[in-house]
Every structure is written in C-alpha cells, then in structure tokens.
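The values are calculated or read from the model by the stated rules, or taken from the named source; none is laboratory data. Quick caveat: nothing in here was measured; it's all calculated off a predicted structure. Accessible surface areas use protein heavy atoms only, side chains included; no ligands, DNA or RNA. Shrake-Rupley method; radii C 1.70, N 1.55, O 1.52, S 1.80 Å.
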Amino acid sequence: MSLTDILSPSDIAAALRDCQAPDSFSPKKFFQISGMSKKSSSQLKEIFRILDNDQSGFIEEDELKYFLQRFECGARVLTTSETKTFLAAADHDGDGKIGAEGIDYFNYK
C-alpha cells in the first residue's frame with residue numbers, strides 16, 4: 001500500500017507546495033491540506049506504518065526529517081527546527097520518537 005492509496009495525489013501535491021520554503025512546514029496545516037485530518041484511526045495507522053521507514057514501530061527524529069520525502073521523493077528535507085517542533089508535538093511521552101500512541105497527534109482535527 002502507498003500513501004496515494006489513502007490520500008489524493010492532488011491533495012498531497014497541494015500540501016507539499018504549501019511548505020516548499022524552509023521553516024514553512026506546519027504539521028497541522030499539512031495534515032489539513034493533504035486530507036490526513038479527515039482520515040479514520042485505521043487509515044492514520046496505515047499512514048503511520050508507511051511513514052515508519054524502518055518498520056520499527058516508531059518514527060524517530062532521523063526519519064521525521066525526511067517526512068515530506070515519504071510523500072514525494074523530490075520534496076525537501078525538514079529543517080532541524082521543523083523536525084524538533086514536529087517531534088515535540090507528537091512525542092507525548094518524551095522518549096524522542098513517535099510511537100503508535102502518537103497517532104492521535106497525527107489527526108489534528
């Protein structure tokens with residue numbers, strides 16, 4: 001399964017266009033534009049699984065900086081500031097990674 005099986009390619013493209021400039025990425029806005037904020041819990045779990053590049057059950061900071069590239073291979077890398085802000089928003093237990101419990105933070109409804 002790929003992200004385009006869950007999200008519209010045109011919505012993904014619009015979300016990526018919105019955050020092309022460094023330090024312009026907002027998780028909440030990205031999730032709204034891409035359509036992630038409208039997905040069910042099971043769909044969000046599948047998106048999480050796809051984004052978990054090493055299939056460890058967690059999205060670590062090193063994986064998170066390549067978040068946009070998981071949607072489109074030519075997309076930019078998140079800046080250090082964007083990565084840390086994103087991680088802080090979804091890492092509710094403070095272990096430095098986003099686990100299954102962080103899925104709710106991906107839902108920004």
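Starting from the residue with the highest accessible area, list Met36, Met1 in decreasing order, probe 1.4 Å.
Working: Met36 0, Met1 140 Å².
Accessible-area ranking of Met36, Met1, largest first: Met1, Met36.
How would Asp23, Asp52 rank on accessible area, largest to smallest, probe 1.4 Å?
Descending accessible area places them as Asp23, Asp52.
Thr80 to Arg49: extension gain in nm, 0.36 nm per residue of separation minus the Cα-Cα distance?
Residue separation times 0.36 nm, minus the Cα-Cα distance, leaves 8.9 nm.
Ordering Glu61, Glu82 from largest to smallest accessible area (1.4 angstrom probe), what's the sequence?
Glu61, Glu82
Taking only Cα atoms of the chain, what ratio of Rg to Rh do you get with Rh as the Kirkwood inverse-distance radius?
0.91
What percent does the relative contact order of the chain come to when contacts are Cα pairs within less than 8 Å and at least six residues apart?
The normalised contact order for the chain reaches 30 percent.
What residues qualify as long-range amide H neighbours of Glu60, i.e. H under 5 Å apart, gap of 5 or more or another chain, H built at 1.01 Å from N?
Ile98
Given the protein chains as shown and a 1.4 Å probe, how many square angstrom of Leu16 are accessible, to the nearest 10?
For Leu16, solvent-accessible area is about 20 Å².
Output needed: percent of Cα pairs per 5 Å distance bin for region 1-45, bins running from 0 to the one holding the longest distance.
All Cα pairs, binned at 5 Å, distribute as 5, 23, 31, 23, 12, 5, 0 percent.
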